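Sending over a structure as structure tokens; questions will come in a sec.
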Amino acid sequence: MSVKHAISRGLELGRSVFQLGLLKSGGRLAAKLRADRFRAGPSVRTAQPQAFLPSRYRYYRTSLKGLAAQLQSAGFRRFAGGSPRNRAVFLAFGLGVGLIEQQLEDDRKSASTCQEIQAVFRKKKFQSPFKPFTSGYKLEDYILGNQIGKGSNAAVYEAAAQFAPPKQSARKCSLVQIKEGEVETEAPRSLTCCSLRNFPFAIKMMWNFGAGSSSEAILKSMSQELVPAGPHALKQEKEEITLDGHFGVLPKRVSAHPNVIRVYRAFTADVPLLPGAQEEYPDVLPPRLNPTGLGNNRTLFLVMKNYPCTLRQYLEMSTPSRRQGTLMVLQLLEGIDHLCREGVAHRDLKSDNVLLEFDSDGCPRLVISDFGCCLAQSDSSLQLPFNSIWVSKGGNASLMAPEVATAVPGCGVVLDYSKADAWAVGAISYEIFGQQNPFYRAVGLESRNYQEKQLPPLPSSVPADVQFVIRLLLRRNPNKRPTARVAANMLHLSLWGRKALANQDSVGMRKLADWLLCQSAVVLLKGCQGPSGNKVEAELQRSFLANLELEDLRTAVGFLLYGREQSQACVLSV
Ligand SMILES: Nc1ncnc2c1ncn2[C@@H]1O[C@H](COP(=O)(O)OP(=O)(O)OP(=O)(O)O)[C@@H](O)[C@H]1O
């Protein structure tokens with residue numbers, strides 16, 4: 001064996017210690033690594049071995065590195081006096097370990113870059129479209145207009161309040177005006193536009209059948225609706241009563257996010273007779289208003305921003321472009337990721353429960369609403385013991401993730417919601433790209449028993465990366481499904497990081513870290529240019545940077561590269 005050959009063998013050996021754990025004492029760790037890769041699913045197994053290493057991977061690598069060092073010194077003692085060939089092998093082996101050290105150092109730098117960027121972007125809090133207001137805790141504080149929506153638990157009305165005029169910029173947004181692609185002019189405005197201007201709020205009046213009429217009982221029975229409520233949504237005394245006297249009446253609440261509805265005020269009041277009540281929901285009225293009505297006298301009112309339409313209504317009128325569609329899917333993922341981080345599962349995601357408005361460029365902004373079925377446990381766990389049929393699995397059965405839909409109650413059974421909403425985003429993405437939702441009647445797949453190969457193809461106009469993300473989101477096995485964060489990262493990289501990805505492998509993240517620094521600078525600069533910071537794209541970019549974690553990013557890169565490899569292989573085979 002030539003010295004050159006020996007060096008390359010030594011390098012290989014050094015790498016092998018870290019990659020495969022071939023040596024005896026490394027076997028146990030290597031087995032763990034392999035088991036993790038196995039759990040991650042077949043695509044992971046067939047992809048580059050390092051592409052999907054789990055988060056414990058740094059620990060393994062560090063252990064293997066220690067092991068390699070021990071072996072190196074033991075080997076050196078044994079072979080120090082050996083032949084030049086043996087010494088060359090061990091020298092090169094040391095070099096291999098050096099490479100690992102280099103990689104660890106790179107990782108450390110990339111991780112700290114991510115943390116620094118995260119810290120910068122977490123400082124900027126999401127801005128409410130309204131000037132802060134201090135009143136509005138009584139129904140009499142509002143003028144109610146027409147009914148704007150109705151579900152199975154509530155009716156929603158447009159509303160205005162003298163005490164809280166919208167900020168100037170918020171006044172400019174209108175459905176019709178932007179849909180027609182006009183720049184704002186003094187031309188007569190449509191009814192929708194006037195309605196939004198004159199009634200900037202929407203008030204949701206819950207229907208109260210069984211909760212009784214005391215405020216505490218109402219708040220307790222409808223507590224999930226308060227999950228997106230701001231810190232001053234309830235009157236101070238109410239907050240104190242419900243917290244002190246009845247531990248657990250108030251649920252945990254999520255912090256503000258551009259893609260999650262904000263409830264500005266929540267209060268109880270006597271049920272009024274509102275337009276359409278007698279015709280549309282007579283049975284839920286109290287006997288005071290309808291002698292045959294079954295409703296209680298008081299109920300819960302929630303004050304929100306008035307949005308021009310739901311996602312479903314919007315998609316009935318128009319099909320978004322491929323870029324807009326991608327941005328819409330991304331917003332849903334960002335919203336879901338935010339909820340997951342705060343320990344909340346929505347459990348009733350569907351296009352009627354997503355509200356929509358437009359930014360000043362006419363790009364749809366999506367907001368996840370209606371938290372009536374959500375899971376928000378005080379310990380932030382997304383796991384729910386499922387020991388009886390009385391435990392609610394959530395809303396809309398058609399869009400219930402397979403692991404939830406197929407669960408059977410029993411001793412020790414736990415429903416895991418950590419990726420359930422992400423699955424629903426996969427299904428809704430079909431609607432966004434102009435297709436039927438595969439889990440609705442027209443297509444007829446059932447989340448309980450569909451096979452992934454039965455999923456209908458998406459239109460070829462949908463970018464390949466986006467198609468791949470949607471397929472991954474609809475994986476039956478949650479262990480093979482990316483989290484909302486990883487799926488969102490994939491779309492971010494696909495939209496804005498193409499160049500950085502072009503020469504990227506899935507392990508060394510330095511190049512990507514450099515791109516992240518540039519991207520941060522661009523986003524910060526854009527933010528200084530005034531109103532452009534309120535645009536959907538800018539909000540998304542900030543969300544991405546505020547949630548940067550090296551491991552999530554690495555997993556996203558791994559998935560993306562694997563997806564691209566697969567689609568290239570398909571093209572070549574055709
Ligand atoms: N903030 C809002 N702005 C504009 N419209 C709204 C708003 N909130 C709700 N709506 C409209 O009211 C409808 C019913 O609202 P929501 O889904 O919250 O009621 P629900 O009774 O809880 O629904 P579900 O039947 O899904 O339980 C929505 O589909 C939407 O059309």
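For the peptides 101-108, 225-232, 331-338, what is the packing order when you average, over each peptide's residues, the other Cβ atoms within 10 Å and list the highest mean first? Mind showing how you got there, number by number?
On the way: 101-108: 14.4, 225-232: 19.9, 331-338: 27.4.
Those peptides, ordered most packed to least, come out 331-338, 225-232, 101-108.
Something else now. With a cut-off of 8 Å between alpha carbons and a minimum separation of six or more residues, what is the relative contact order of region 333-480 in percent? Mind showing how you got there, number by number?
Details: 211 pairs, mean separation 32.3, N = 148.
The normalised contact order for region 333-480 reaches 22 percent.
Let me ask something else. Given an 8 Å cut-off on Cα distances and at least 6 residues of separation, report the relative contact order of region 364-572 as a percent.
17 percent
Considering only protein heavy atoms, what is the solvent-accessible area of Leu382 at a probe of 1.4 Å, reported in Å² to the nearest 10?
20 Å²
What does the extension gain come out to for Cys570 and Lys499, with contour length at 0.36 nm per residue minus their alpha carbon separation? Don't skip to the end; give the middle numbers.
Details: separation 71, 0.36 × 71 = 25.56 nm, distance 2.28 nm.
Here the answer is 23.3 nm.
Quick one: which of 423-430, 135-142, 212-219, 351-358 comes out on top by average Cβ neighbours within 10 Å, and what's the full order, highest first? Spell out each step's value before the answer.
On the way: 423-430: 25.6, 135-142: 16.0, 212-219: 17.5, 351-358: 22.0.
Result, highest mean Cβ count within 10 Å first: 423-430, 351-358, 212-219, 135-142.
Taking 41 Å as R0, compute the FRET efficiency from the Cβ-Cβ separation of Arg448 and Ala256 and round it to 0.05. Don't skip to the answer; put the middle values down first.
Values: r = 36 Å, r/R0 = 0.87.
FRET efficiency, Arg448 to Ala256: 0.70.
Could I ask something else about it? Which residues does the label zone of Tyr440 cover in region 370-404, counting backbone N under 12 Å from a point 7 Å along Cα→Cβ?
399
Treat each spin label as a single point 7 Å out from the Cα along the C-beta direction, and report the Ser152 to Met317 distance in nm.
2.8 nm
Return the FRET efficiency for the residue pair Thr292, Thr134: r is the Cβ-Cβ distance, R0 is 41 Å, and the value is rounded to the nearest 0.05. Write out the running numbers ahead of the final one.
Numbers: r = 41 Å, r/R0 = 0.99.
About 0.50, to the nearest 0.05.
If packing is taken as the average count of other Cβ atoms within 10 Å, what order do 406-413, 145-152 fall into, highest mean first?
Working: 406-413: 11.1, 145-152: 15.0.
Packing proxy ranking, top to bottom: 145-152, 406-413.
So, one more: Which entries in Lys123/Lys499; Lys305/Lys419; Lys123/Lys204; Lys393/Lys419; Lys125/Lys204 show an alpha-carbon gap greater than 20 Å?
Lys123/Lys499; Lys305/Lys419; Lys123/Lys204; Lys125/Lys204
In the neighborhood of Gln331, defined by Cβ-to-Cβ distances under 10 Å, what is the net charge if each Lys or Arg adds +1 and each Asp or Glu adds -1? Walk me through the numbers on the way to the answer.
Details: positive: Arg365; negative: Glu334, Glu539.
That works out to -1.
The values are calculated or read from the model by the stated rules, or taken from the named source; none is laboratory data. In this text the structure is predicted, and so the values were computed from the model without any measurement. Every residue, glycine among them, receives a Cβ derived from its backbone with ideal geometry; neighbour counts consider all protein chains shown. Calculation scope for accessible area: heavy atoms of the full protein, side chains included, ligands and nucleic acids excluded. Shrake-Rupley method; radii C 1.70, N 1.55, O 1.52, S 1.80 Å.
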